[in-house]
Amino acid sequence: MRPSNLLIIVSMALLSACATASQEATADTTAAPKQIVAEPTPTNADVKDSTSTVLKPQAGSYSPECYKVITDIVMSSSFKTEAAKKENIKVRIDREEGSKLFLQLFASEKDHESTLAWLRLDKANEKLEDITVDPASPVLLKYNNALISELRQNCP
């Protein structure tokens, strides 16, 4: 058998398979429509303090005061981004590993959030580091060190 005949046979088999799959898909959509209901799950962005823009934790042992102090530390820091104005940046505690808090900085729009950066706040060593680009080589950020005593009082 010549290669050109083999190519024609393979092409026809592929077209036939595509037509069959298309007919099956059409039959599925013309059958009784399935109703899919997605239950909304609250995120940390949904759980807000009505008196301020400081996020309350959805779970965990982080008080609103803790979030306020962390937000104040981030706002006083040397962190800069062109993606959002500093006053529009929100902070979320992602996780805690020992004395280190991993923070997500994000900007919230009407229908979505955009992550701007990831920071690591080391309470024991009083360091704030930008770990967005490379967690192994963080960028040390300056911040108002007077807030550390407040952090120790309000965050476990």
Checking PRO156 against (1) touching an Asp or Glu at 6+ places or on another chain (Cβ under 8 Å); (2) in a loop (DSSP other than H, G, I, E, B); (3) surrounded by fewer than 16 Cβ atoms within 10 Å (Cβ to Cβ), which single condition isn't satisfied? (1)
Only one of (1) more than 17 Å from GLY98 (Cα to Cα); (2) small (Gly, Ala, Ser); (3) touching a residue at least 12 places away in the same chain (Cβ under 8 Å) does not apply to ALA124, and that is (1)
Filter result (modelled with pLDDT of 50 or more, surrounded by 21 or more Cβ atoms within 10 Å (Cβ to Cβ) and under 18 Å from the mean Cα position of the chain (by Cα)) within region 52-69: TYR67
Is there a residue in region 90-113 that is under 11 Å from the mean Cα position of the chain (by Cα), surrounded by fewer than 18 Cβ atoms within 10 Å (Cβ to Cβ) and either on the phi > 0 side of the Ramachandran plot or in a loop (DSSP other than H, G, I, E, B) (or both)? yes
Going by the conditions given, is SER78 exposed (fewer than 13 other Cβ atoms within 10 Å of the Cβ), modelled with pLDDT of 90 or more and either outside any helix (DSSP H, G or I) or on the phi < 0 side of the Ramachandran plot (or both)? yes
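The values are calculated or read from the model by the stated rules, or taken from the named source; none is laboratory data. Please read all numbers here as calculations on a predicted model, not as lab measurements. In this analysis, Cβ positions are derived from the backbone assuming ideal geometry, glycine residues included, and neighbour counts consider all displayed protein chains.
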